[in-house]
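Worksheet: one structure, shown below.
No lab work stands behind these numbers, since they all come straight from the coordinates. As the structure is a computational prediction, the values presented were derived from the model and not from experiment. Every residue, glycine among them, receives a Cβ derived from its backbone with ideal geometry; neighbour counts consider all protein chains shown.
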Amino acid sequence: MRWGDLADGKREAPEPLEGNPVRTVLVGTIVWAVLFVVQLPFYGWFDDNDHLWWLWTCAAGAGLGLIGLWYVRARDAAIRRAAEAERQAAGTPEAPEAGEAPEAPGKPGAPEAGA
């Protein structure tokens, strides 16, 4: 297989994995924060051995994770608002279960138009 085969349109991209992005980002942020806290008592050793960047990498990961958490929660809320507006416009009052993202048209399990 040549590298060009992957980007020249000969192969379709795989379907995205379904999951809870808020939970995924939250777990990653917690892992970075725990690594920061665990390494904090060894600050002197890291400084003496020029490995202080390890500590600050964990702090940056936790900080960026908080930004990511804000982003995915805002995105999830926007998707829910759009789905609710679409349901109201279509006249269907049902709402998805709590914690469940609305399905996009054309995805497996989504109701077909006119069905």
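Worth pointing out:
- Spin-label pair VAL22/TYR71, simplified geometry with 7 Å Cα→Cβ offset, distance in nm: 1.8 nm
- The stretch between ALA60 and LYS10 holds 14.1 nm of extra length on full extension. This uses 0.36 nm per residue minus the Cα-Cα distance.
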